[in-house]
């Protein structure tokens, strides 16, 4: 008895989906009309991203309520543009968003390492690339808007 095995020369390719990240948002409150004599609020945003590859954090300098509202608007609308959108309202810091496949938005967070060192922030990434889902961006926008409000 003779058995013949026939194998195809074509390779089977498998597309690996983009790595999704979970995101946590915190902010350090500095001042607002409720806790100081100033009429504006100042909060320093901190983003913590985690995936199978590990945990990374990204810090922004203290932002006013107007700047935080602009950042929230950026996150909530960036997925609807067919091209890259840049949030660069703060000198030395930028967030670039580009809509990807499978309802993911590719985000790139950039910070000038000299400014981070000057601020005394050594555990923040100077360059961070993550992919978030549409609903994660909306949730992030809501958290940012909530942190822009006065002391609770």
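The values are calculated or read from the model by the stated rules, or taken from the named source; none is laboratory data. These figures come from a predicted structure and were not determined experimentally. In this analysis, Cβ positions are derived from the backbone assuming ideal geometry, glycine residues included, and neighbour counts consider all displayed protein chains.
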Residue count, region 21-69 (criterion: in contact with a strand residue (DSSP E or B) (Cβ under 9 Å, 6 or more places away or on another chain) and assigned to a strand (DSSP E or B)): 27
Of all residues in region 115-138, which are more than 23 Å from residue 82 (Cβ to Cβ) and touching a residue at least 12 places away in the same chain (Cβ under 8 Å)? 115, 116, 119, 121, 123, 124, 125, 126, 127, 128
Read through the list (1) loosely packed, with under 15 Cβ neighbours inside 10 Å; (2) in contact with a strand residue (DSSP E or B) (Cβ under 7 Å, 6 or more places away or on another chain); (3) within 17 Å of residue 47 (Cβ to Cβ), then give the number of the only condition that residue 81 fails. (3)
Only one residue in 94, 79, 111, 72 is within 13 Å of the chain's Cα centre (by Cα), at pLDDT 90 or above and closer than 16 Å to residue 133 by Cα, so which one is that? 72
At pLDDT below 90, surrounded by fewer than 16 Cβ atoms within 10 Å (Cβ to Cβ) and not in a helix (DSSP H, G or I): which single residue out of 129, 101 fits that description? 101
For the list (1) surrounded by 17 or more Cβ atoms within 10 Å (Cβ to Cβ); (2) within 20 Å of residue 63 (Cα to Cα); (3) touching a strand residue (DSSP E or B) at 6+ places or on another chain (Cβ under 8 Å), I need the number of the one condition that residue 141 fails. (3)
Quick test of your reading of the structure: residue 108 fulfils all but one of (1) part of a strand (DSSP E or B); (2) touching a residue at least 24 places away in the same chain (Cβ under 8 Å). Name the failing condition by number. (2)
